[in-house]
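J.: Okay, here's the structure, questions in a sec.
The values are calculated or read from the model by the stated rules, or taken from the named source; none is laboratory data. As the structure is a computational prediction, the values presented were derived from the model and not from experiment. Here Cβ is always computed from backbone atoms with ideal geometry, including for glycine, and neighbour counts include all displayed protein chains. For the accessible areas, the whole protein counts, side chains as well, though only heavy atoms, and no ligand, DNA or RNA atoms are used. Shrake-Rupley method; radii C 1.70, N 1.55, O 1.52, S 1.80 Å.
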Amino acid sequence: MQFFSTRDQNRKVTSSQAIAQGLSDEGGLFVPESFPQVDVKALCGLDYPALAAAVVREYLTDYDPAFLTEATRSTYGAAFGGKAGYLAPVEGDTYALELWHGPTSAFKDMALQLLPHLLTVAASKTAEGKTIVILVATSGDTGKAALEGFKDVPNTKILVFYPEEGVSPMQKLQMTTQEGDNVGVCAIHGNFDDAQTGVKAIFTDPAITEKLAQKNMMFSSANSINWGRLVPQIVYYISAYCDLLKDGSIELGDKMNVVVPTGNFGNILAAYYARRMGLPIQKLICASNANNVLTDFLQTGKYDRNRSFYTTMSPSMDILISSNLERLLFDLCGQDDAQVRAWMDSLKQDGCYDVGRSMLNKLKTLFAAGCCNDSRTKMTIRETYNNTHYLCDTHTAVAVDVCKQYLLRTGDNTPVLIASTANPFKFSASVLSAVGNGQVESSDEFGMVQELSSLTGEQVPPQLAGLAQKKQRFTKVCERDEMKNVVYEMLGIES
Ligand SMILES: *Cc1c(COP(=O)(O)O)cnc(C)c1O
């Protein structure tokens, strides 16, 4: 299996090169040349780690299959307490696909616990002896999940940038208290898009790359632009389908709809890829918060980031440039790299592009979209809890609301899978104020965590409760144009 860049088809690489490099040199994203078809029935006979190995193997053809079997087994065993890709009924034909039973309580663990295994092998194949420097821009969850995945992994260093005002207190604490000798964390004055743009600029700056090379280091990415992030996410959609089959909610071949709370378009793209591999998914429903650039795009075909940016209670979706959309467009326009390049140039120059009528029609057959602001998010958390006793976090609530809007609008009675992307205790203030009807007594984060737990009877994940006792190691805040220097400093390079 070869991979090529969405902006230049002549740049072909193997899977390990795609994973080691993260992003193509000219700024394009690596995509597989084709989508292998899977035998859903056969896959349903496997447990989660074996299913993951079977799917991942289809793409990572230059990895040793025995290594992949071992890596998925060690990743999706104990760390997820047997709850990798866990399905919980919400009501009627709606199910929450809980993806947050890993070490950092967000769905990013599903990919970022496996990625270090994939990346260290990729590095040894393509860049022997080099230290891999992982640069991450995060809206909260990726940063912690990547830090936890890469901490003390030999021959790697990891450096995370997050928007100072753009993450929840729990997310901030998770990052500032991170342990490990090869880790660094820095806040920036700016929003997530600023952090992501800064990281991309550092990646593609030849002068910086050269300085790293002199120190025998190379950059890679743990953001969802890395193919190694996407492929483990395809797995849980297949596994969830199998679970629905097993409990008799559907029969083999029946369709399901999928609702995904979306930010950088990685998770929903993985669902699209599962569909491309033959999983019977009917509609992919894209849920956004007040930053509804994708809702507008999927309804009009015009992507326009020239709009206000909102800081919401679902910070991991506060994004106006959804990077992975580029991969979808590449696939839907018949792998026309020149066309994708033109759209992305226009996005860079003017902040917008229009894909035209025929692409819009294709998008509309596959996707539905909706958005939900903060007050609706809160109302949804409260109503869902009161009506079904299902406690959702702020991101999942956006998906629950958009799902309801979709069902009202269409009357579609296909079973629905809602991607539940974070544990509610990561966003205690918002969730507590929703279920407590605004009556919140505590003023500090851990007081609210306790209050939420007593009110709902839900268990606080020990890794979150334990943060109260941890020392803060990383309190640095920098300007956008200082990110480069922070990188040099962390790596011990003179600027
Ligand atoms: C990252 C994240 C999202 C958005 O996922 P994308 O792959 O960026 O679309 C949604 N919810 C939570 C909790 C997240 O951490």
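J.: Out of the residues in region 189-223 meeting the condition of being acidic (D, E) and closer than 20 Å to A18 by Cα, tell me which one is least open to solvent (accessible area, probe 1.4 Å).
T.: My answer is D205.
J.: So in region 106-157, with the set limited to residues that are aliphatic (A, V, I, L, M) and part of a loop (DSSP other than H, G, I, E, B), which one is farthest from the ligand (Cβ to nearest atom)?
T.: Ranking the qualifying residues of region 106-157, first place goes to A127.
J.: A follow-up question, please. I'd like to check something: does region 84-99 contain any residue that is part of a helix (DSSP H, G or I) and open to solvent by 10 Å² or more (accessible area, probe 1.4 Å)?
T.: Step one: of region 84-99, the residues part of a helix (DSSP H, G or I) are none.
No.
J.: Something else: Between Y76, Y95, which is touching a strand residue (DSSP E or B) at 6+ places or on another chain (Cβ under 7 Å) and more than 16 Å from the ligand (Cβ to nearest atom)?
T.: Residue meeting the stated conditions: Y95.
J.: Taking helices (runs of 4 or more DSSP H) that do not extend beyond region 350-433, which have at least 1 residues that are in contact with a helix residue (DSSP H, G or I) (Cβ under 7 Å, 6 or more places away or on another chain) and under 23 Å from L99 (Cα atoms)? It would help to see each step written out before you state the result.
T.: On the way: elements: 356-366, 374-388, 394-410.
Hits in region 350-433: 374-388, 394-410.
J.: What is the number of the single condition among (1) crowded, with 17+ Cβ neighbours inside 10 Å; (2) in contact (Cβ under 8 Å) with a residue 60 or more places away in the chain that L68 does not meet?
T.: (2)
J.: To continue, here is another question. With the checklist (1) over 22 Å from D254 (Cα atoms); (2) of a type outside the set (V, I, T); (3) more than 14 Å from the ligand (Cβ to nearest atom); (4) in contact (Cβ under 8 Å) with a residue 24 or more places away in the chain in hand, flag the one item S375 doesn't pass.
T.: (4)
J.: Taking into account only those residues within region 406-430 that are touching a strand residue (DSSP E or B) at 6+ places or on another chain (Cβ under 9 Å) and away from the ligand (no atom under 16 Å from the Cβ), which is nearest to S288 (Cα to Cα)?
T.: Filtering region 406-430 for residues that are touching a strand residue (DSSP E or B) at 6+ places or on another chain (Cβ under 9 Å) and away from the ligand (no atom under 16 Å from the Cβ), the one nearest to S288 (Cα to Cα) comes out as Y406.
J.: So K125 fits all but one of (1) modelled with pLDDT of 95 or more; (2) more than 30 Å from I418 (Cα to Cα); what number is the exception?
T.: (1)
J.: Residues in region 468-495 that are open to solvent by less than 50 Å² (accessible area, probe 1.4 Å), at pLDDT 95 or above and assigned to a loop (DSSP other than H, G, I, E, B): how many?
T.: So the count comes out to 1.
J.: Now a separate question. Going through region 275-296 one residue at a time, which ones are within 14 Å of the ligand (Cβ to nearest atom) and in a helix (DSSP H, G or I)?
T.: V293, L294, T295, listed by residue number.
J.: Separate question: Can you find even one residue in region 325-344 that is closer than 23 Å to A96 by Cβ and surrounded by fewer than 23 Cβ atoms within 10 Å (Cβ to Cβ)?
T.: First pass over region 325-344, keeping only residues closer than 23 Å to A96 by Cβ: none.
Looking through region 325-344, none of the residues is closer than 23 Å to A96 by Cβ and surrounded by fewer than 23 Cβ atoms within 10 Å (Cβ to Cβ).
So that you can scan it fast, the table gives a plain yes or no per residue for (1) within 28 Å of K404 (Cβ to Cβ); (2) touching a residue at least 12 places away in the same chain (Cβ under 8 Å); (3) hydrophobic (A, V, I, L, M, F, W, C):
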site: R73; (1), (2), (3): no, yes, no
site: A79; (1), (2), (3): no, yes, yes
site: Y86; (1), (2), (3): yes, yes, no
site: E91; (1), (2), (3): yes, yes, no
site: S105; (1), (2), (3): yes, yes, no
site: L112; (1), (2), (3): no, yes, yes
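J.: Which condition number does T311 fail, the rest of (1) surrounded by fewer than 20 Cβ atoms within 10 Å (Cβ to Cβ); (2) under 30 Å from E58 (Cβ atoms) being met?
T.: (2)
J.: Would you pick out the residues in region 240-268 that are in a helix (DSSP H, G or I) and either within 13 Å of the ligand (Cβ to nearest atom) or open to solvent by 10 Å² or more (accessible area, probe 1.4 Å) (or both)?
T.: Once the filter is applied, which keeps residues that are in a helix (DSSP H, G or I) and either within 13 Å of the ligand (Cβ to nearest atom) or open to solvent by 10 Å² or more (accessible area, probe 1.4 Å) (or both), region 240-268 yields D243, L245, K246, G266, N267, I268.
J.: Any idea which residue in region 278-308 is most open to solvent (accessible area, probe 1.4 Å), counting only those that are under 19 Å from T414 (Cβ atoms) and out of contact with any Lys or Arg (no Cβ under 9 Å at 6 or more places or on another chain)?
T.: Of the residues in region 278-308, the ones under 19 Å from T414 (Cβ atoms) are 278-287, 298.
So of that shortlist, the ones also out of contact with any Lys or Arg (no Cβ under 9 Å at 6 or more places or on another chain) come out as 278-279, 285-287.
Values: G278: 38, L279: 5, I285: 2, C286: 1, A287: 0 Å².
Applying the filter and picking the extreme gives G278.
J.: Can you find, within region 1-42, the residue that is surrounded by the most Cβ atoms within 10 Å (Cβ to Cβ) among those that are among the β-branched types (V, I, T) and assigned to a loop (DSSP other than H, G, I, E, B)? Steps first, answer last, please.
T.: Looking only at region 1-42, we keep the residues that are among the β-branched types (V, I, T), and these are 6, 13-14, 19, 31, 38, 40.
Now drop any that are not assigned to a loop (DSSP other than H, G, I, E, B), which leaves 6, 14, 38.
Values: T6: 25, T14: 18, V38: 18.
Selected residue: T6.
J.: Right, next: Have a look at L455, L432, L417 and point out the one that is closer than 30 Å to D93 by Cα, buried (at least 20 other Cβ atoms within 10 Å of the Cβ) and more than 23 Å from the chain's Cα centre (by Cα).
T.: Going through L455, L432, L417 in turn, the sole match is L432.
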